[in-house]
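Report on the following structure.
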Amino acid sequence: MLIPRSCTLQTKFICALTLASLLIASFLGAGFYFHMTNIYEDEVYEKAQLVLSQVDAVQQFVQGTLRPRRYRALPDRFIKQK
């Protein structure tokens, strides 16, 4: 059985420095993760708003411009959509 000997001052310093480095790295990693998650959520929200506004614009164009013009041009004809 090995009897543990007391650590030297240099070994204690290196262990403390390693522990401090790991602690700082974990805090920075967690902060970076939450920051990037927030940025990605904002970008997804903005792109979804852009797509939905484009869909809404197309719908408004069809309802307000295209259908009335077609009904005036071809009032009694049924146009089959594919």
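No lab work stands behind these numbers, since they all come straight from the coordinates. Small disclaimer: the values here were computed from a predicted structure and weren't measured. So basically every Cβ, Gly included, is an ideal-geometry build from the backbone, and we count neighbours across all protein chains shown.
Where is the GNM fluctuation largest for the chain (alpha-carbon springs, 10 angstrom cutoff): 39, 24, 14?
Of the options given, 14 has the highest mean-square fluctuation.
Return the distance in nm (one decimal) between the two label points of a simple spin-label model at residue 17 and residue 65, each offset 7 Å from Cα along Cα→Cβ.
7.0
Using only Cα atoms, find the angle between the long axis of helix 9-61 and the longest principal axis of the chain, and express it within 0 to 90 degrees, rounded to the nearest 10.
It works out to around 0 degrees.
Just to be sure I understand the model, the point goes 7 Å from the Cα along the line to the Cβ. What's the resulting residue 50 to residue 76 distance in nm?
Inter-label distance under the simple model: 4.9 nm.
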